[in-house]
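Below: the structure, in structure tokens.
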Amino acid sequence: MSYFALRHSGSARVLPGFGLSMGISVLFISLVLLLPITGLFGQLAGLSLAEYWAIITEGRVVASYMVTIGAAAVAALVNAVFGLLLAWVLVRYDFTGKRLLDALMDLPFALPTAVAGITLATLYASSGWMGGWLESLGFQVAYTWVGIALAMAFTSIPFVVRTVQPVLEDMPAEVDEAAMSLGATDGVAFRRVIMPHLWPALVTGTGLAFVRSLGEFGAIIFIAGNMPYETEITALMIFVKLQEYDYAGASAIASVVLFVSLALLLAINVWQGRFIRRLHGGKG
Amino acid sequence: MSIRLDNIAKHFGATQALEPINLDIQEGELVGLLGPSGSGKTTLLRIIAGLETADHSPTPGRILFGERDVTHVHVRDRRIGFVFQHYALFRHMSVYDNVAFGLTVMPRAKRPSAQDIRARVYRLLEMVKLEAFANRYPAQLSGGQQQRVSLARALAVEPDVLLLDEPFGALDAKVRQELRRWLRHLHEEFNFTSVFVTHDQEEALELSDRVVVMSNGRIEQIDTPETLYRAPQNRFVFEFLGDVNYLEGKVHNGTLTCGDAHLAVDLPDGDAELLLRPHEIRLAEQPTPESHLPVTITAISPVGAEVRVELEADWLAEPWLATVRHADFNRLALRRGQRLYAHPRHWRRFPEATENAEVQTHLA
């Protein structure tokens, strides 16, 4: 009897509450994430493979993939550069208003995307402040893919800043100083010492920004102009299908976005895991 | 390369981290900057390195390496090697790449060939006994090994001066001892000028040719370890360099009295405070006419070459610490709770008015 009791207590976890917390977590994930995704696939069950293929490769839809992916890529790259710069400024320097700037960084998360969309659209329309000025220079932003990229960049910049910032904070200034004491110029120190540390976080942040941009809807539709084959995004295609009560068609297109996003997130995770193992002493 | 600091001061905002300091370090010397935290020792080291700049006003200071004025020279051009307390290794690079870093970032004209770099890195790794670890990453090494890598990295560029900021502070006692001996060795073999910062008086005394004792941004004393220990110039230096026992009392007719304790002293009448090192206290079963200091043993720790004995008495504000040789320990059969008499062999006094120490020796 006591032998079994010992065995049992030996295998039990020291930290209490695993069963309960894990159970609630699984339930929550099931309800909030897995159930809707299952529903999505349920909708697809009504389609044959040929029908599915026909829907997701329809010309107008494919054009929307191009617009979405292209604009999201541009937005992600722009965010990679400026997000890194912002994180750098927020971590490495002290200045008045630093706390305010830091708080503003989260604004795109907090602001309803439709509000952002309307604001951007009025600002960059040819009658708006920026739009009028840019038009006089020969650039049109609103109702082009540039506007789409702009809206995407706005909603996803916090992903880059907030993933790079903590890594930069963790990096002791001593590492910089060591590089300089060994004769490295600022540029060399940045390229060979600082960037390698930031790479994983920067790629993750940029990847998240990209994935987020793929699914963004509210912020974009007002500024996009939504011209078929030109400035229609994939999320709008899903919306259009829904308005036509074509639930299966909407689900089919949604599943494409879902797969691309999942594949990308998974790839980033695997790559980052390998990099981190090396930093922490693995053989990777 | 000799180092000369001329009127170097430093403010951080309104607080003065360093009062104007002058310091001459000879070529090939190993100098320890010793002081409690906040004494300005690390700031001074970083100013020598060029990682901080000294105050320009009211009077600008100067830093000379040999004949070269480096006051306004950037850290990367000062030709220094800097070793950080927490190693500051490049974690994403192998040990080899870490050591080679300083060589590979040289301007192309001065950079050695790939073979030369390789040969030099392996020579350094051999010197720090890590040639088998060239392909490892820093995270795969112990703290002591990482600090050796960081030393090899600093020496790779053949610096004029080597600066070490609490180089062994993050390591455990045994490794620290080993690395100290090894650094001393290295220094004797290569004869570079080095300055290191420490808050550990034992480390400073063991390693340095000369020790600079600092407190509150001031240099208190610069001397060889021997002189420093034998002839501390003031109370701070005496207190900082080892354990101190205090005896406070009133002197009347050549006898210092404190509760039921008394001691014959050659001092004028009035209040007096005597300072004693633990090894300057002898324990005996009987008092003498000159010395009647009854104490009780409260703790015994027989660690190392001597036995450390803690003594208490109602005339003492703080317990005393005495060190006794093992032979005496056995002869007196010391045990906790035992009542004995303490006999000072030697004591010091640092009267407030004069900065100079007064020393009296008694053959007790």
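The values are calculated or read from the model by the stated rules, or taken from the named source; none is laboratory data. Note that the coordinates shown come from a computational prediction; the quantities given were computed from them, not determined experimentally. Heads up, the Cβs are rebuilt from the backbone with ideal geometry, glycines too, and the neighbour counts pull from every protein chain shown.
Remarks
- Selection status of A:Ser48, hydroxyl-bearing (Ser, Thr, Tyr) and within 25 Å of the chain's Cα centre (by Cα): no
- None of B:Arg79, B:Arg91, B:Arg62 is touching a residue at least 40 places away in the same chain (Cβ under 8 Å), more than 9 Å from chain A (Cβ to nearest Cβ) and not acidic (Asp, Glu) except B:Arg62.
- Restricting the range B:152-181 to residues that are charged (D, E, K, R) and within 14 Å of chain A (Cβ to nearest Cβ), the residue that is surrounded by the fewest Cβ atoms within 10 Å (Cβ to Cβ): B:Glu158
- Selection status of B:Glu358, within 28 Å of the chain's Cα centre (by Cα) and at pLDDT 90 or above: no
- Yes/no for A:Val61 being surrounded by 12 or more Cβ atoms within 10 Å (Cβ to Cβ), closer than 29 Å to A:Ala252 by Cβ, of a type outside the set (Lys, Arg) and modelled with pLDDT of 90 or more: yes
- Scanning the range B:118-151 for residues that are over 20 Å from B:Leu163 (Cβ atoms) and in contact with a Gly (Cβ under 9 Å, 6 or more places away or on another chain) returns B:Arg136, B:Tyr137, B:Pro138, B:Ala139, B:Gln140, B:Leu141.
- Against the test of being within 27 Å of A:Ile148 (Cα to Cα) and surrounded by fewer than 15 Cβ atoms within 10 Å (Cβ to Cβ), the options A:Glu216, A:Glu244, A:Glu232 yield a single qualifying residue, A:Glu244.
- Every condition in (1) at pLDDT 90 or above; (2) buried (at least 17 other Cβ atoms within 10 Å of the Cβ) holds for B:Phe329 except the one numbered (1).
- Taking helices (runs of 4 or more DSSP H) as the structural unit, those lying wholly within the range A:174-256 and holding at least 1 residues that are more than 14 Å from chain B (Cβ to nearest Cβ) and closer than 30 Å to B:His86 by Cα correspond to A:195-215.
- Strands (runs of 3 or more DSSP E) fully within the range B:182-267 counting 1 or more residues that are assigned by TED's automatic domain parsing to the domain that holds B:Gly38, surrounded by 15 or more Cβ atoms within 10 Å (Cβ to Cβ) and without any contact (Cβ under 8 Å) to a residue 60 or more places away in the chain: B:218-223
Residue by residue, here is whether (1) assigned to a helix (DSSP H, G or I); (2) in contact (Cβ under 8 Å) with a residue 40 or more places away in the chain; (3) hydrophobic (A, V, I, L, M, F, W, C) holds:
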residue	(1), (2), (3)
A:Leu86	yes, yes, yes
A:Val89	yes, no, yes
A:Ile118	yes, yes, yes
A:Ser127	no, no, no
A:Met130	yes, no, yes
A:Phe139	no, no, yes
A:Met152	yes, yes, yes
A:Glu169	yes, yes, no
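- Where B:Asp24 falls short, out of the listed (1) without any contact (Cβ under 8 Å) to a residue 24 or more places away in the chain; (2) within 14 Å of chain A (Cβ to nearest Cβ); (3) within 25 Å of B:His185 (Cα to Cα): (2)
- Of the residues making up the range B:145-181, those that are part of a helix (DSSP H, G or I), closer than 22 Å to B:Gly102 by Cβ and of a type outside the set (Ser, Thr, Tyr) are B:Gln145, B:Gln146, B:Gln147, B:Arg148, B:Val149, B:Leu151, B:Ala152, B:Arg153, B:Ala154, B:Leu155, B:Ala156, B:Leu179.
- Of the residues making up the range B:279-322, those that are assigned to a strand (DSSP E or B) and either out of contact with any strand residue (DSSP E or B) (no Cβ under 8 Å at 6 or more places or on another chain) or free of Cβ contacts under 8 Å to residues at least 24 places away in the same chain (or both) are B:Ser301, B:Glu310, B:Glu312.
- Scanning the range B:113-151 for residues that are among the polar types (S, T, N, Q), exposed (fewer than 15 other Cβ atoms within 10 Å of the Cβ) and free of Cβ contacts under 8 Å to residues at least 40 places away in the same chain gives B:Ser113, B:Gln115, B:Ser142.
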